[in-house]
Amino acid sequence: MRILRVEGGRRLCGQIRVGCAKNAVLPMLAASLLAGGPVRLSDAPDISDVEHMLEILRMLGCCAAREEGELRIDPSGLKEEALPDRLAKKLRSSIFLLGPMLGRLRRAVVTYPGGCDIGLRPIDLHLQGLRALGVRIDERNGQIVCDGRAMHGGTVHFDYPSVGATENVMMAAVLTPGRTVVHNAAREPEILDLQRFINAMGGNVQGAGTHTVVIDGVRRLQGVQYRAMPDRIVAGTLLEALAITGGEGAVLGVDAQDLTAVIAKLREMGCRIQESQDRIDLCAPSRLKAFAHLQTSPHPGFPTDMQAQTMALATVAEGSSVIMENVFENRFTHVPEFGRMGADILVSGRMAVVRGVPALHGARVTAHDLRGGAALVLAGLCARGETEVEGVALIDRGYACLEGQLAALGASIARVDVES
Ligand code: UD1
């Protein structure tokens, strides 16, 4: 079994550059199915979620590979209309393929998707959006059979601004005749990046990043070479790694505008931060202060993908912090693991009250989801003694060699094989 072994107590310092965002690249890989020529995504992160998506694209008949640091997808061979079960179950983002497959083939069959076990994660909004575009959907034996022969532009009004459902409808509508309008769309920066990507292929999408996205169907898209936006969640995780060790340094290649909620929380905890368009500098106090209240919510609110890591900071801050997880209903699986390290946390439903302790101690802990796993590593960085984090495969879904990035900042951390 692979674990990450962290020797706590080192103050992290230095500069580090972040790569392209997982949550931008995954929908772009799906949208590549719509292209009339080859698509090249440069500097795509070397993470297992991307590898799984490439594998799915290949099983659908596309050429999809990583070559010379870029992802190359030739969608001309797309023939399969059914997503392979085994892979779709591994990857929640496989649901994104529904929209582009309908756009290209006017038919798609998928099973219910998998992904991190952080809540029920239904797909009703995805299906609602597609129905508004005239897709006929039958759900039988755990399969979702979609018939898009009568697809047309339509108006969608989401009750909740789901990131994936917004992206799925955008992709389904690009090659669909007429105008599609999405009201109460999600406003995450990755959605704006998807719009840029689609328009670079010759699509006509406007309004991403606001509550209303308008897609005018075009007849054809061409291939493109594109570089996705930087990963704001990896950037936030690295900033918090500096912060939890009382460190000082900078994260390069990220736009501070995409991380305003996280930066505000770190300032509340006593960090000095300088923001610019291409880098964020942070200088942490020797002991962090608790924050009054943190609530996760859709962008530009505090990202749920930074909740667990920020809780790690709160466990050793001076005072008590309250965290409300409003986006996913089961995203506190890191709490009992922090408990093994001496943290004092009380959970009631979606609320966690974290009473900061002077120090954590090392322990053997288990990652139950991607960001929760990263949070345990952060806790290990400041704990006394040695922390061993199991469940590394979950961390590898979204971080390209997290241990290498932290070691570059001075952490004592290694991936080791141990007997299970
Ligand atoms: C995306 C991100 C994920 C992030 C999340 C919220 C990608 C690949 N993943 O996930 O990292 O944590 O946004 O910022 O971009 N919901 C429904 N019905 C639906 C769809 C969603 O009820 O049809 C609910 C979900 O159960 C969840 C909430 O809406 O409680 C948010 O989900 P959504 O915004 O769709 O997240 P994802 O696109 O899955």
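The values are calculated or read from the model by the stated rules, or taken from the named source; none is laboratory data. Remember, it's a predicted structure, so these values are computed and weren't measured experimentally. Positions of Cβ are generated from backbone atoms using ideal geometry, with glycine treated the same way; all protein chains shown enter the neighbour counts. Ligands, DNA and RNA are excluded from the accessible area calculation, which covers all protein heavy atoms including side chains. Shrake-Rupley method; radii C 1.70, N 1.55, O 1.52, S 1.80 Å.
Give the accessible area for Ser420 in Å² (nearest 10); use a 1.4 Å probe, count only protein heavy atoms, and leave out ligands, DNA and RNA.
That residue has around 130 Å² of solvent-accessible surface.
Which GluC sites (Glu not before Pro) in the range 38-86 sit in a loop by DSSP (not H, G, I, E or B) and have at most 12 other Cβ atoms within 10 Å of their own Cβ?
On the way: sites: Glu51, Glu55, Glu67, Glu68, Glu70, Glu80, Glu81; in loops: Glu68, Glu80, Glu81.
Qualifying residues, ordered by number: Glu68.
Where does the charge balance sit around Gly270 when Lys and Arg score +1, Asp and Glu -1, over other residues with C-beta under 12 Å from its C-beta? Each step should come with its number before you reach the end.
On the way: positive: Lys265, Arg267, Arg272, Arg287, Lys289; negative: Glu268, Glu318.
Result for the neighbourhood of Gly270: +3.
Carbon and sulfur: what percent of the chain's accessible surface (1.4 Å probe)? Display every interim value, and only then the final one.
On the way: 7540 of 15780 Å².
With neighbouring chains kept in place, the figure for the chain is 48 percent.
State whether the range 274-420 is rounded, prolate or oblate according to the following rule on the C-alpha gyration tensor (a ≥ b ≥ c being the square roots of its eigenvalues): a/c under 1.5 gives rounded; otherwise a/b larger than b/c gives prolate, and the remaining case gives oblate. Kindly include the intermediate steps, with their values, before the conclusion.
Numbers: a/c = 1.30, a/b = 1.17, b/c = 1.11.
Verdict is rounded for the range 274-420.
What net charge do the residues around His361 carry, taking every other residue with its C-beta under 14 Å from that of His361, with Lys and Arg at +1 and Asp and Glu at -1? It would help to have the intermediate numbers written out before the result.
Details: positive: Arg340, Arg364, Arg384; negative: Glu7, Glu337, Asp344, Glu386, Glu388.
Combined, the nearby Lys, Arg, Asp and Glu give -2.
Find, among the trypsin sites (Lys or Arg not before Pro) in the range 280-374, those assigned to loop by DSSP (not H, G, I, E, B) with at most 16 other beta-carbon atoms within 10 angstrom. Each step should come with its number before you reach the end.
Working: sites: Arg287, Lys289, Arg331, Arg340, Arg350, Arg355, Arg364, Arg371; in loops: Arg287, Arg331, Arg350.
Counting only loop positions with at most 16 other Cβ atoms within 10 Å, the trypsin sites (Lys or Arg not before Pro) in the range 280-374 are Arg287.
So if I take the centroid of the Cα atoms in the range 142-156 and the same for the range 172-191, what is the distance between those two points in Å?
14 Å
Give me the net charge of Pro298's neighbourhood, meaning all other residues with Cβ under 9 Å from the Cβ of Pro298; Lys, Arg count +1, Asp, Glu -1. Don't skip to the end; give the middle numbers.
Numbers: positive: Arg187; negative: Glu188.
Charge balance in the 9 Å sphere: 0.
From the convex hull of the Cα coordinates of the range 18-103, what is the mean projected area in square nanometres?
On the way: hull surface 20.0 nm².
Its Cα hull, projected and averaged over all orientations, spans 5.0 nm².
Can you tell me how the range 167-316 classifies by the Cα gyration tensor, rounded, prolate or oblate, using a/c under 1.5 as the rounded cut? Walk me through the numbers before you get to the answer.
Numbers: a/c = 3.63, a/b = 2.27, b/c = 1.60.
Taking the square roots of the gyration eigenvalues as a ≥ b ≥ c, the range 167-316 is prolate.
Taking the Kirkwood radius as the inverse of the mean 1/r across Cα pairs, report the Rg/Rh of the chain. Mind showing how you got there, number by number?
Working: Rg = 21.4 Å, Rh = 21.8 Å.
That ratio equals 0.98.
Quick one: grab the alpha carbon gyration tensor of the range 40-192, order the square roots of its eigenvalues as a ≥ b ≥ c, and give me rounded if a/c is under 1.5, else prolate or oblate depending on whether a/b is larger than b/c.
Details: a/c = 1.39, a/b = 1.35, b/c = 1.03.
Rounded.
Return the whole-Å distance between the Cα centroid of the range 268-288 and the Cα centroid of the range 294-335.
So the two Cα centres are separated by 19 Å.
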